[in-house]
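The values are calculated or read from the model by the stated rules, or taken from the named source; none is laboratory data. Here the structure is a predicted model, which is why all the values come from computation and not from measurement. No Cβ is skipped: glycine too gets one built from the backbone with ideal geometry, and neighbour counts run over all protein chains shown.
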Amino acid sequence: MLPGTSELLIYAAFMPLHGSSLRERIRHVIFDHDTRQSRWFDVGLMALIVFSVLLVMLETVDEIEARYGTTLLVLEWIVTILFTLEYIARLVTAESKARYARSFFGVVDLLAILPVYLSLFLPGAQSLLVIRSLRLLRVFRVLKMARWLSEANYLIRAIRASSRKIVVFLIVVLLINVIVGSSMYLIEGPENGFDSMFRGLYWSIVTMSTVGFGDIAPATPPGQVLAAMLMITGYSVIAVPTGIVSAEVATSGQQEKACRACGSAVHSRTARFCDACGEELV
């Protein structure tokens with residue numbers, strides 16, 4: 001938290017409700033992002049969130065916990081107190097307290113501080129503090145990236161339009177893995193690690209996805225030939241879902257209105273004339 005931010009939170013949390021001018025200024029700093037003060041507040045808040053998540057991660061390392069456990073605990077409580085003051089400040093200065101409390105960010109802000117207080121009664125509850133990482137979603141507002149999210153609609157529409165094709169593709173891939181995995185079980189057998197068809201299916205999926213953990217591998221020449229064929233198949237099919245979605249993305253911004261002159265049915269969404277022959281679209 002940057003210098004001055006904690007004092008700002010304290011003022012917002014404990015100021016008289018009738019101090020409307022001060023309350024409005026603090027509300028503007030906390031909720032808006034168009035002034036220098038509000039931007040500094042947002043940057044400080046983001047840094048504090050990242051720091052708090054890092055603290056939670058460090059507590060899971062036994063060596064660090066054994067040596068710096070007390071320090072980490074003190075820092076955790078300091079961060080929690082600052083977050084508590086921030087939550088109170090947001091709640092007090094919000095135009096609609098009930099609306100903020102029920103909003104997504106309002107719920108996340110509350111969940112970011114509850115685990116520490118619950119740990120006083122339920123040991124281990126502080127592990128839920130990773131919820132604080134969700135607060136980093138505020139970066140979309142801070143960097144004014146919210147308007148970019150509308151572009152995701154193209155991708156969503158493309159995935160929905162190609163969902164059946166993708167399902168069919170996954171079914172085909174699954175059938176190939178079942179056949180190859182069962183065949184590998186018959187070829188290699190338990191003596192080479194393939195002690196069940198499920199083990200063969202696992203190996204087939206890992207091999208076809210080109211991950212190749214290496215924990216199990218064919219030892220006989222027929223098994224190695226089958227493995228090589230499956231690897232080549234994996235390289236050939238890995239681009240199929242990408243091509244399906246890419247084609248839908250390319251056409252998601254187009255309209256389907258047949259041209260009366262040439263019959264072309266694919267044009268840009270805002271086109272008034274045919275992209276193929278130039279005839280006016282009606």
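State yes or no: is V108 closer than 20 Å to S133 by Cβ and either surrounded by fewer than 18 Cβ atoms within 10 Å (Cβ to Cβ) or of a type in the set (V, I, T) (or both)?
Criteria met by V108.
Matching residues to (1) surrounded by 14 or more Cβ atoms within 10 Å (Cβ to Cβ); (2) at pLDDT 75 or above; (3) in contact with a Pro (Cβ under 9 Å, 6 or more places away or on another chain); (4) part of a helix (DSSP H, G or I):
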{"position": "P123", "(1), (2), (3), (4)": "no, no, no, no"}
{"position": "I131", "(1), (2), (3), (4)": "yes, no, yes, yes"}
{"position": "L137", "(1), (2), (3), (4)": "no, no, no, yes"}
{"position": "K144", "(1), (2), (3), (4)": "no, no, no, no"}
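Let's see how each residue does on (1) at pLDDT 70 or above; (2) more than 21 Å from V168 (Cα to Cα):
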position: D215; (1), (2): yes, yes
position: A219; (1), (2): yes, yes
position: G243; (1), (2): yes, no
position: V249; (1), (2): no, no
position: A258; (1), (2): no, yes
position: G263; (1), (2): no, yes
position: T270; (1), (2): no, yes
position: D275; (1), (2): no, yes
position: V282; (1), (2): no, yes
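Being in the same structural domain as R135 (by TED's automatic domain parsing) and modelled with pLDDT under 85 is a property that holds for L9.
Quick grid of which residues meet (1) closer than 19 Å to L136 by Cβ; (2) part of a helix (DSSP H, G or I); (3) at pLDDT below 90:
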site	(1), (2), (3)
V29	no, yes, yes
R39	yes, yes, yes
L45	yes, yes, yes
V50	yes, yes, yes
T71	no, yes, no
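Filtering the stretch 173-185 to residues that are of a type in the set (A, V, I, L, M, F, W, C) and surrounded by 12 or more Cβ atoms within 10 Å (Cβ to Cβ) leaves V173, L174, I176, V178, I179, V180, M184.
Yes or no: F194 among the aromatic types (F, W, Y) and surrounded by 15 or more Cβ atoms within 10 Å (Cβ to Cβ)? In short, yes.
Say we look at the stretch 205-219 and pick out the residues that are on the phi > 0 side of the Ramachandran plot and not β-branched (V, I, T); which of these is surrounded by the fewest Cβ atoms within 10 Å (Cβ to Cβ)?
Initial filter on the stretch 205-219 (on the phi > 0 side of the Ramachandran plot): 210, 212, 214.
Next cut, not β-branched (V, I, T) only: 212, 214.
Working: G212: 14, G214: 7.
Looking at the filtered set, the residue picked out is G214.
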